[in-house]
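Below: the structure, in C-alpha cells.
None of the figures in this text is laboratory data; all of them are computed from the coordinates on show. Quick caveat, the model's predicted, so the values are computed rather than measured. Here the Cβ is made from the backbone with ideal geometry for all residues, glycine too, and neighbour counts use every protein chain on show.
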Amino acid sequence: MANIEDYLIWRGDLTFEQDPFNEVDNLIIAQLAYVDLKDIIPAAGSGGKITLEDACRDFFELNDEQELELVKSFIWYCPFFMRKMARTRRFSNIILSNYAVYNNTEKEVQFGAFLAELGDGSVYVDFMGTDDSLIGWKEDFNMSFIQPIPSQLEAASYVNEVLSPGRKKIRLGGHSKGGNLAIYAAVKANPRVKKRIIEVYNNDGPGFDRKMIESEEYQEMLPKIKTIVPQHSIVGMLLEHEERYMIVKSSQTGVMQHDAMSWQVIGNHFETVQGVDDTSRMLNEALSRWINGMTRQQRSDFVEILFSIITSSGATKLSDLSADRFNFAGAALKMYGSLDRETKMMLRRMLKSLSGEFDKARKMINNRQ
C-alpha cells in the first residue's frame with residue numbers, strides 16, 4: 001500500500017505548474033504545521049520569507065536528530081517527513097512566511113499557522129492541528145460547549161490580517177483541529193479575502209454546532225469545503241457536518257487512522273471507499289448522544305474536573321503521562337480523593353453514562369457481524 005511518502009517519490013519531480021495542486025498535496029503541506037518552525041519561518045507581519053529547503057536546513061542545524069527520534073508523540077515523524085519534502089522539486093522551493101504561534105494555558109488556546117506560496121499563483125494557509133500539549137487537547141474538549149473557541153478566533157483574525165493585502169488565490173487547510181480552524185477562518189474572512197478563496201481542506205477535523213453550519217456565511221462557503229476522513233474516523237466525525245466527506249483507506253486500525261501518514265494514495269489521489277465503517281459510525285453516534293444528553297454547563301464541569309485530574313501530576317503534554325505513568329496514576333488518585341462528594345458523584349454519573357452509550361454501540365456492532 002502506498003502513502004504520502006510514496007507520493008513524494010512518484011510526483012516529487014513535478015512542479016505545481018506541471019502538475020496542478022491536488023488533495024494529496026494538501027495533506028502533505030498540512031503535516032508541516034506540526035513542525036516547530038518558530039524563529040525559522042519569518043514571523044507574521046515581518047515581511048520576511050524563506051523557502052522550505054532553507055527552512056528545513058535551518059531546523060536540522062538547530063535540532064539534534066537523535067533527540068527528535070526520542071520524542072514520544074504521534075507527530076514525532078513530521079520533521080523527518082519535512083526533510084523528504086525539501087528534497088523534492090515539487091516542494092523544495094515553496095515559500096514560507098507569516099509564522100504565528102500562540103499557546104496560553106490561562107486562556108486555554110493552542111494556535112499555529114503560516115503561509116505557503118506554491119509557485120502557481122496561489123497561497124496555502126496552513127493551520128496547526130492539536131499537538132502534544134494538554135492545553136491543546138483541552139481546547140478540543142471545550143468545543144463541546146464553547147463556540148467559538150479561542151483558536152478559532154485567532155484563525156479568523158490571522159487570515160484577515162495577513163491576507164487582506166494581495167491578489168493570490170487562497171487555499172486554507174489543516175489536519176485535525178487545523179482543518180476545523182481552516183473552515184472557521186474561511187467562513188469568517190472579510191469579503192476581500194473571501195472572494196479569493198478557492199478551496200478549504202478539512203483533513204479529519206471536527207465539525208461545528210448546528211448554529212454555525214446553518215448560518216448563511218457557512219452555507220455560502222460550503223461548496224468550497226473539502227472534508228477528508230479515514231474509514232474509522234473519530235475526531236473528524238465529532239460535532240455537526242454539512243459537507244460531503246471523502247473517505248480514504250488507511251493502513252492503520254481504529255483511532256490510529258487519524259495519523260495522516262497512514263492514508264492510502266493512488267497516483268495523485270487518495271484511495272477511497274464508499275463510507276465510514278460501522279464501528280466508527282456507531283461509536284460516534286454514541287458519543288454524540290452522550291454529549292447531547294448534557295447541558296453546556298454539565299459539559300464544562302466535566303471537562304474542568306477531568307483535566308484537573310489529568311494535570312494533577314504536573315504533566316503539560318500527553319507524552320508526559322505515558323513517560324511517567326506511576327507518578328501520573330498516584331497524582332490522579334490523590335486529586336480524585338480530594339474532590340467533594342457531590343463532584344465525585346457527578347463525575348461517576350457522566351462516566352457511567354458514557355460507558356452505557358458505548359455498550360449500546362458495541363452490542364449493535366456485534367449484532368451486525
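Which values of log₁₀ I(q)/I(0), to two decimal places, follow from the Debye formula for the chain at q = 0.11 Å⁻¹ with a uniform point scatterer at every Cα?
-0.79
Under the rule of at least 5 residues apart or a separate chain, name every residue whose amide H is placed under 5 Å from the amide H of residue 169.
Under 5 Å from the amide H of residue 169: 123.
Calculate, for residue 298 and residue 168, the FRET efficiency according to 1/(1 + (r/R0)^6) with r their C-beta to C-beta distance and R0 35 Å; round to the nearest 0.05.
On the way: r = 45 Å, r/R0 = 1.30.
So the FRET efficiency works out to roughly 0.15.
Which whole-Hz couplings ³J(HN,Hα) result when phi for each residue of the stretch 111-117 is put into the Karplus expression 6.51 cos²θ - 1.76 cosθ + 1.60, θ = phi - 60°, listed in order with x for Gly and Pro?
Coupling constants for the stretch 111-117: 9, x, 6, 7, 9, 10, 7 Hz.
At a Cα cut-off below 13 Å, give the aspartates and glutamates reachable from residue 188, other chains included and same-chain residues fewer than 8 away excluded.
The reachable aspartates and glutamates, counting only those whose Cα sits under 13 Å from residue 188, are 154, 161, 216, 217, 220.
Which loop-located GluC sites (Glu not before Pro) does the stretch 32-118 contain, where loop means any DSSP state but H, G, I, E or B and the Cβ has at most 15 other Cβ atoms within 10 Å?
Numbers: sites: 53, 61, 65, 67, 69, 106, 108, 117; in loops: 106, 108.
Counting only loop positions with at most 15 other Cβ atoms within 10 Å, the GluC sites (Glu not before Pro) in the stretch 32-118 are 106.
Given H placed 1.01 Å from N in the peptide plane, which residues other than close sequence neighbours of residue 3 have an amide H under 5 Å from its amide H?
265
Mind scanning 38/107; 84/249; 168/224 and naming the pairs with a C-alpha gap bigger than 19 Å? Walk me through the intermediate numbers first.
Details: 38/107 21 Å; 84/249 23 Å; 168/224 16 Å.
Over 19 Å apart, Cα to Cα: 38/107; 84/249.
Under a GNM of the chain (C-alpha, springs under 10 Å), which listed residue has the highest mean-square fluctuation: 140, 340, 58?
Comparing 140, 340, 58 in the GNM, the peak value goes to 340.
Rounded to the nearest 0.05, what FRET efficiency is calculated for residue 2 and residue 348 with R0 set to 41 Å and r the Cβ-Cβ distance?
Numbers: r = 47 Å, r/R0 = 1.14.
Using R0 = 41 Å, I get an efficiency of 0.30.
Sum up the charges of everything whose Cβ sits under 15 Å from the Cβ of residue 47, counting Lys and Arg as +1 and Asp and Glu as -1, but leave residue 47 out.
Working: positive: 49; negative: 117, 161.
Net local charge, residue 47 excluded: -1.
So if each residue of separation counts as 0.36 nm, and I subtract the Cα-Cα distance between residue 153 and residue 51, what length gain in nm does that give? Intermediate results must be reported in sequence, preceding the final value.
Numbers: separation 102, 0.36 × 102 = 36.72 nm, distance 2.83 nm.
Taking 0.36 nm per residue and subtracting the Cα distance, the gain is 33.9 nm.
For the modelled label position 7 Å from the Cα of residue 252 along Cα-to-Cβ, which residues of the stretch 21-41 have backbone nitrogen atoms closer than 17 Å?
27-35
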